[in-house]
């Protein structure tokens, strides 16, 4: 709390101010603190995506985050919902929109099995939910199940166990969104520039078997 707000709070809660004002101030401060933990949206934006068979498509993406941030301090944002829709070429626009509660890192087409698939990473891989789900190792410091695969089966996206052959695959979806508003469609070159930043966690840039907490 800054000095000016501290003095104001002391005055409001002292005997120099009417009692009811102190209650109002308490409610206001509580509201401010709660506002620090809320939701934030990113998008929609469009980006080029290169599939493993060499084709380049365009998808539209939209994400909703839960933001947890202490006043005056750095915060964390965890994806609550991510949406991906193929918008080009037009013949693929009939592919149903994909919705997941993880951070999407791969959208691709499996030509061998004639099937679309996607992989998302648990943004909160070291939170309480992975412990409850039994995804942590015996030490409780390593998440052994950070990745989640979705496949288009009978024209519906379904959550399935991720195939081991996905391990090591590089991400083909944009991770850093800092310049999406500068492009009508974010090109592959810009995606490569943004996502080549080694400061990004490796498990976002490439499918990893586990995440150390």
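Going through (1) more than 19 Å from residue 120 (Cβ to Cβ); (2) assigned by TED's automatic domain parsing to the domain that holds residue 188; (3) surrounded by 12 or more Cβ atoms within 10 Å (Cβ to Cβ); (4) modelled with pLDDT under 90 one by one, residue 70 falls short only on (3). I'd like to check something: does the stretch 153-167 contain any residue that is part of a helix (DSSP H, G or I), at pLDDT 95 or above and in the same structural domain as residue 63 (by TED's automatic domain parsing)? For the stretch 153-167, residues part of a helix (DSSP H, G or I), at pLDDT 95 or above and in the same structural domain as residue 63 (by TED's automatic domain parsing): present. Of these, 53, 108, which one is in contact with a strand residue (DSSP E or B) (Cβ under 7 Å, 6 or more places away or on another chain), surrounded by fewer than 17 Cβ atoms within 10 Å (Cβ to Cβ), touching a residue at least 40 places away in the same chain (Cβ under 8 Å) and closer than 15 Å to residue 172 by Cβ? Answer to the selection: 53. A search for C-beta distances below 9 Å between a residue of the stretch 192-213 that is touching a residue at least 40 places away in the same chain (Cβ under 8 Å) and any residue that is loosely packed, with under 13 Cβ neighbours inside 10 Å and part of a helix (DSSP H, G or I), counting only pairs 6+ apart in sequence or on different chains, returns 208/202; 209/164.
From the list 65, 117, 131, the one residue that fits, being outside any loop (DSSP other than H, G, I, E, B), farther than 18 Å from residue 175 by Cβ and modelled with pLDDT under 95, is 131. If you filter the stretch 134-146 down to residues that are in contact with a helix residue (DSSP H, G or I) (Cβ under 7 Å, 6 or more places away or on another chain) and in a strand (DSSP E or B), you find that the one that is surrounded by the most Cβ atoms within 10 Å (Cβ to Cβ) is 143.
The values are calculated or read from the model by the stated rules, or taken from the named source; none is laboratory data. For clarity, every value in this text was computed on a predicted model and none was experimentally measured. So basically every Cβ, Gly included, is an ideal-geometry build from the backbone, and we count neighbours across all protein chains shown.
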